[in-house]
Amino acid sequence: MDKESNEASSKPADLKISNISIQVVSVPGRLPGRRPLRRPIGKARPNKQSKKRAPFWNVQNKIILFTLFLFILAVTAWTLLWLYISKTESKDAFYFVGMFRITNIEFLPEYRQKESREFLSVARTVQQVVNLVYTTSAFSKFYKQSVVADVSSNNKGGLLVHFWIVFVMPHAKGHIFCEDCVAAILKDSIQTSIINRTSVGSLQGLAVDMDSVVLNAGLRSDYSSTIGSDKGCSQYFYADHLSLRYPLEISATSGQLMCHFKLVAIVGYLIRLSVESIQLEADNCITDSITIYDALLPIRSTVLYRLCEPTKTLMSFVSTNNLMLVTLKSPYIRRLSGIRAYFEVIPEQKCENTVLVKEIPGFEGKISSPYYPSYYPPKCKCTWKFQTPLSTLGIALKFHNYSITKKSAKGCEHGWWEINEHMYCGSYVDHQTIFRVPSPLVHIQLQCSSRLSDKPLLVEYGSYNISQPCPVGSFRCSSGLCIPQTQRCDGVNDCFDESDELFCATIKPACDVPLFRQTGPLVCDGFRDCENGQDEHNCTQSIPCTNRTFKCDNDICFKKQNARCDGIADCPDGSDEDSCSCSRSSSALHRIVGGADSLEGAWPWQVSLHFVGSAYCGASVISREWLLSAAHCFHGNRLSDPTPWTAHLGMYVQGNAKFVSPVRRIVVHEYYNSQTFDYDIALLQLSMAWPETLKQLIQPICIPPAGQKVRSGEKCWVTGWGRRHEADNKGSPVLQQAEVELIDQTLCVSTYGIITSRMLCAGVMSGKRDACKGDSGGPLSCRRKTDGKWILTGIVSWGHGCGRPTFPGVYTRVSNFVPWIHKYVPSLL
Ligand code: 4AZ
């Protein structure tokens, strides 16, 4: 049945127009031209005069007038209410913040005074130009106004104008508004008016540099604190003295801090901000943060760095122009919040050098990233030329906590290196690496590739003997370091990259049992030559198997993929029969709703991860040897080292695990971003697989199919030994469980703003049921209706506090990481 006929048939028959009758009740002697129907018996007909004089202000008239008055009042109130609702509720204001450079107006010092005639005049001109651009665009209906906030000098000449643009549009149409479209309108207007071959276009006589245009969506709160009357603790500093430290200090113990510090230096110089200490509530940058911008307004794409944790270590950052903005946001101060910093005016540094190295091999000097030891700015380019006195000597570069590898298809976020025309990508590591260029003439170019400021780099250089990079009696690690031969294969990772512990049992004795393969050496090549896999025993190197072979947990590639999960243990360790089925645990059926003690054994995949003996994070069992957890649990020098970690499996009461294993390896996702918590996922390999005998108490949870969509509203469970209230200072002794609902992604984005497709939200809108500190890395388990299997839909990642109304928990979306998990755990089905 179609929709219309369905609707028509459902109308009750007696509601047809023809069936409605209207009754008119008239009041005697009231309506003109109407005769009273009846005259009261025994009463004399009133004479004409008395009829005329009938009092107008009688009770009936009063009632009618009063009713009329009420009616008019109701109509007026309703109209006003409707106008109010349509004005305030269904319309949204959209704020855009940006800047561009005008090349044909010279800067005047008066522009620094917002009340000056000069500032007001140039601001009005710019506003008129922006008005024209947008009132003649596709968004003209929604354009409200533009406001020039700052006009400043800059190192490229002319004026740098910072401005806001406001659009107002019905709430329902908000989705058509995209950041790129708004920016494209402005850029297109400039583009079409470009003069000659320059990047400068003419907008109503204003020469605007197209390359300088930056326009991003902005926040209402930033708009009002930079433009409106509620400027909070905003300050403007103009620094014209070199070698002077301008202090920048602010703190509060209650209330809120929303400060903007605009720093401007004399033309031709840069600004270095040195942060001495920060007091902030560490909440993952959700509410409390200090943000450093390479502009004078909070324009997102000009962020140099965000600081979100309390610190007492000196950190410094350098601008790319003669201006900088520092914002401090701490909206709910409970403890001390504030910043102690200073800024200086510094000259621009050239980052190039030509070095003639000495004849004696060894490290003899240092090069560094620009403005070392400050974080280096995102737009940098350095060139170094090295020459050795002999053709037998090459150049060795010792990188401190940094490593360069051949450029691959993967993104290169921490520096492009071009060395003698070969491209390399840099990344931060927790140890030194040595890179050797076997050439007497070496040309190096570094280009910063990070969007933000990056950690300072220090590189020692010197010559080395090309024919013998490491001294006699030493071993050359993959990291380039040289270690004494005696330290090879001693079980200690002396090379930092484990290369000294690889191929320690390369050449194998002949098989004691029949061979699979008749020819070739019996070596650790990832292929099982002896039927008992003897040739592949004790190999620590991880070699990928082909797609026809299956990789056993001890890294041997077993020949027949179809022998997997056939009930016969073909791998020496039986791992081909592992994880053929993930948990269908049934005791989880009778659970208490809302953060409560779980039943013992109800969550057999739940793991407690202990760091130096204390519970620190959660994880989930996904195979006999592998756990899945959150990357942020392992962020930092000490936390990323597997040695202090132990995994506690089959545990109900904290400390009473059925099985405890040290952690052999931690694989943090290579794109994990500690600022945004994007890609918050890590794999942990146990040093010892949990024994088969514990399979009643320990069971893996299933990984969702790759790319599986989740249904908002679906009920799932979050479990862990974390805190039961935000204000608690220790976790729960008994494993807790809480039922939470998967939340619509759009709703979550509108709550937090910074939700990527690698994240999902779950909780209850009233708050109350949620994960908290200590639960991180633990599972968000959802039961699949079709087969009753438990699926690891999410990993506890972050959130604004714990159990706060309208702030759900944020989880890593596991279905986005299935190929990544399989890369390391190919035995997983
Ligand atoms: C944490 O700090 C944490 N409410 C984990 C989850 C949530 C908040 C904080 C979500 O480990």
Quick one: would you say residue 123 is at negative phi, free of Cβ contacts under 8 Å to residues at least 60 places away in the same chain, open to solvent by 50 Å² or more (accessible area, probe 1.4 Å) and not basic (Lys, Arg)?
no
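Somewhere in region 193-203, is a residue under 30 Å from residue 258 (Cβ atoms) and in a strand (DSSP E or B)?
Our first condition is that a residue be under 30 Å from residue 258 (Cβ atoms); within region 193-203, this holds for none.
Among the residues of region 193-203, not one is under 30 Å from residue 258 (Cβ atoms) and in a strand (DSSP E or B), which makes the answer no.
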Using the structure shown, decide if residue 782 is hydrophobic (A, V, I, L, M, F, W, C) and closer than 28 Å to residue 219 by Cα.
no
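Might you let me know whether region 433-443 holds any residue that is open to solvent by less than 70 Å² (accessible area, probe 1.4 Å) and either of a type in the set (Asp, Glu) or not assigned by TED's automatic domain parsing to the domain that holds residue 396 (or both)?
Residues of region 433-443 that are open to solvent by less than 70 Å² (accessible area, probe 1.4 Å), as a first pass: 433-437, 439-440, 442.
Still in the list and also either of a type in the set (Asp, Glu) or not assigned by TED's automatic domain parsing to the domain that holds residue 396 (or both): none.
For region 433-443, residues open to solvent by less than 70 Å² (accessible area, probe 1.4 Å) and either of a type in the set (Asp, Glu) or not assigned by TED's automatic domain parsing to the domain that holds residue 396 (or both): absent.
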Taking into account only those residues within region 451-479 that are open to solvent by less than 20 Å² (accessible area, probe 1.4 Å) and farther than 20 Å from residue 358 by Cβ, which is farthest from the chain's Cα centre (by Cα)?
477
Before we move on, is residue 823 modelled with pLDDT under 95, away from the ligand (no atom under 14 Å from the Cβ) and not hydrophobic (A, V, I, L, M, F, W, C)?
yes
Report, by residue number, each residue of region 751-775 that is near the ligand (Cβ under 10 Å from one of its atoms), small (Gly, Ala, Ser) and surrounded by fewer than 22 Cβ atoms within 10 Å (Cβ to Cβ).
767
May I ask you to list pairs of residues, at least six apart or on different chains, whose Cβ atoms are under 9 Å apart, with the first in region 751-770 being within 14 Å of residue 741 (Cβ to Cβ) and the second being within 14 Å of the ligand (Cβ to nearest atom) and of a type in the set (Lys, Arg)?
763/769; 767/804; 770/804
Of all residues making up region 735-750, the number that are exposed (fewer than 14 other Cβ atoms within 10 Å of the Cβ) and touching a strand residue (DSSP E or B) at 6+ places or on another chain (Cβ under 7 Å)
0
Within region 221-231, identify whether any single residue is modelled with pLDDT under 95, over 29 Å from the mean Cα position of the chain (by Cα), open to solvent by less than 40 Å² (accessible area, probe 1.4 Å) and on the phi < 0 side of the Ramachandran plot, and answer yes or no.
yes
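To keep it simple, each residue is scored yes or no on (1) open to solvent by 10 Å² or more (accessible area, probe 1.4 Å); (2) out of contact with any Cys (no Cβ under 7 Å at 6 or more places or on another chain); (3) away from the ligand (no atom under 14 Å from the Cβ).
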{"site": "606", "(1), (2), (3)": "no, yes, yes"}
{"site": "609", "(1), (2), (3)": "no, no, no"}
{"site": "613", "(1), (2), (3)": "yes, yes, yes"}
{"site": "620", "(1), (2), (3)": "no, yes, yes"}
{"site": "629", "(1), (2), (3)": "no, no, no"}
{"site": "632", "(1), (2), (3)": "yes, yes, no"}
{"site": "635", "(1), (2), (3)": "yes, yes, no"}
{"site": "642", "(1), (2), (3)": "yes, yes, yes"}
Could you go through region 323-331 and let me know if any residue there is surrounded by fewer than 20 Cβ atoms within 10 Å (Cβ to Cβ), assigned to a strand (DSSP E or B) and not aliphatic (A, V, I, L, M).
no
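Condition check: among the hydrophobic types (A, V, I, L, M, F, W, C) and part of a loop (DSSP other than H, G, I, E, B). Does residue 297 satisfy that?
Working: among the hydrophobic types (A, V, I, L, M, F, W, C): yes; part of a loop (DSSP other than H, G, I, E, B): yes.
Yes; evaluated as a whole, the condition is true for this residue.
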Quick one: which of 318, 326 is more than 22 Å from the chain's Cα centre (by Cα) and hydrophobic (A, V, I, L, M, F, W, C)?
318
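Kindly provide the set of residues from region 776-795 that are open to solvent by 10 Å² or more (accessible area, probe 1.4 Å) and either within 14 Å of residue 721 (Cα to Cα) or within 16 Å of the ligand (Cβ to nearest atom) (or both), ordered by number. Steps first, answer last, please.
Kept after step one, since they are open to solvent by 10 Å² or more (accessible area, probe 1.4 Å), are these residues of region 776-795: 776, 783-789, 793.
Answer for region 776-795, where residues must be open to solvent by 10 Å² or more (accessible area, probe 1.4 Å) and either within 14 Å of residue 721 (Cα to Cα) or within 16 Å of the ligand (Cβ to nearest atom) (or both): 776, 793.
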Does region 152-168 hold any residues that are under 10 Å from residue 102 (Cα atoms) and under 32 Å from the mean Cα position of the chain (by Cα), and which are they?
160, 161
Flag for residue 392 being out of contact with any Phe, Trp or Tyr (no Cβ under 9 Å at 6 or more places or on another chain), of a type in the set (S, T, N, Q), open to solvent by less than 60 Å² (accessible area, probe 1.4 Å) and assigned by TED's automatic domain parsing to the domain that holds residue 441:
no
When both residues are 6+ apart or on different chains and their Cβ atoms are under 7 Å apart, which pairs have a first residue that lies in region 250-261 and is in the same structural domain as residue 334 (by TED's automatic domain parsing) and farther than 8 Å from residue 234 by Cβ, and a second that is open to solvent by 20 Å² or more (accessible area, probe 1.4 Å) and among the aromatic types (Phe, Trp, Tyr)?
256/332
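Residue-by-condition table, conditions (1) on the phi > 0 side of the Ramachandran plot; (2) open to solvent by 40 Å² or more (accessible area, probe 1.4 Å); (3) not in a strand (DSSP E or B):
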position: 238; (1), (2), (3): no, yes, no
position: 271; (1), (2), (3): no, no, no
position: 285; (1), (2), (3): yes, no, yes
position: 292; (1), (2), (3): no, no, no
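Across region 340-367, what is the total count of residues that are among the hydroxyl-bearing types (Ser, Thr, Tyr) and open to solvent by 40 Å² or more (accessible area, probe 1.4 Å)?
Count: 1.
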Of all the residues that make up region 664-723, how many are over 20 Å from residue 816 (Cβ atoms), within 16 Å of the ligand (Cβ to nearest atom) and open to solvent by 10 Å² or more (accessible area, probe 1.4 Å)?
3
Go through the residues of region 738-746 one by one and say whether even a single one is within 23 Å of residue 674 (Cβ to Cβ), touching a residue at least 24 places away in the same chain (Cβ under 8 Å) and within 16 Å of the ligand (Cβ to nearest atom).
no
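State yes or no: is residue 463 modelled with pLDDT of 95 or more and either β-branched (Val, Ile, Thr) or not assigned by TED's automatic domain parsing to the domain that holds residue 274 (or both)?
Working: modelled with pLDDT of 95 or more: yes; either β-branched (Val, Ile, Thr) or not assigned by TED's automatic domain parsing to the domain that holds residue 274 (or both): yes.
Criteria met by residue 463.
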Per the filter on region 406-420, residues assigned to a strand (DSSP E or B) and at pLDDT 90 or above are 416, 417, 418, 419
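Which residue out of 75, 97, 59 is open to solvent by less than 90 Å² (accessible area, probe 1.4 Å) and at pLDDT below 95? Can you show your working first?
Working: 97 fails: at pLDDT below 95; 59 fails: open to solvent by less than 90 Å² (accessible area, probe 1.4 Å).
Every option except 75 fails the conditions.
Can you confirm whether residue 293 is within 19 Å of residue 798 (Cβ to Cβ) and either without any contact (Cβ under 8 Å) to a residue 24 or more places away in the chain or among the aromatic types (Phe, Trp, Tyr) (or both)? Spell out the reasoning first.
Working: within 19 Å of residue 798 (Cβ to Cβ): no; either without any contact (Cβ under 8 Å) to a residue 24 or more places away in the chain or among the aromatic types (Phe, Trp, Tyr) (or both): yes.
No, not satisfied.
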Output for region 802-818, where each listed residue is crowded, with 19+ Cβ neighbours inside 10 Å and within 11 Å of the ligand (Cβ to nearest atom):
802, 803, 807, 808, 809, 810, 811
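The values are calculated or read from the model by the stated rules, or taken from the named source; none is laboratory data. Keep in mind it's a predicted model, so treat the numbers as computed, not measured. Every residue, glycine as well, gets a Cβ built from its backbone with ideal geometry; the counts of neighbours run over all protein chains shown. Heads up: the accessible areas ignore ligands, DNA and RNA and are worked out on the full protein's heavy atoms, side chains in. Shrake-Rupley method; radii C 1.70, N 1.55, O 1.52, S 1.80 Å.
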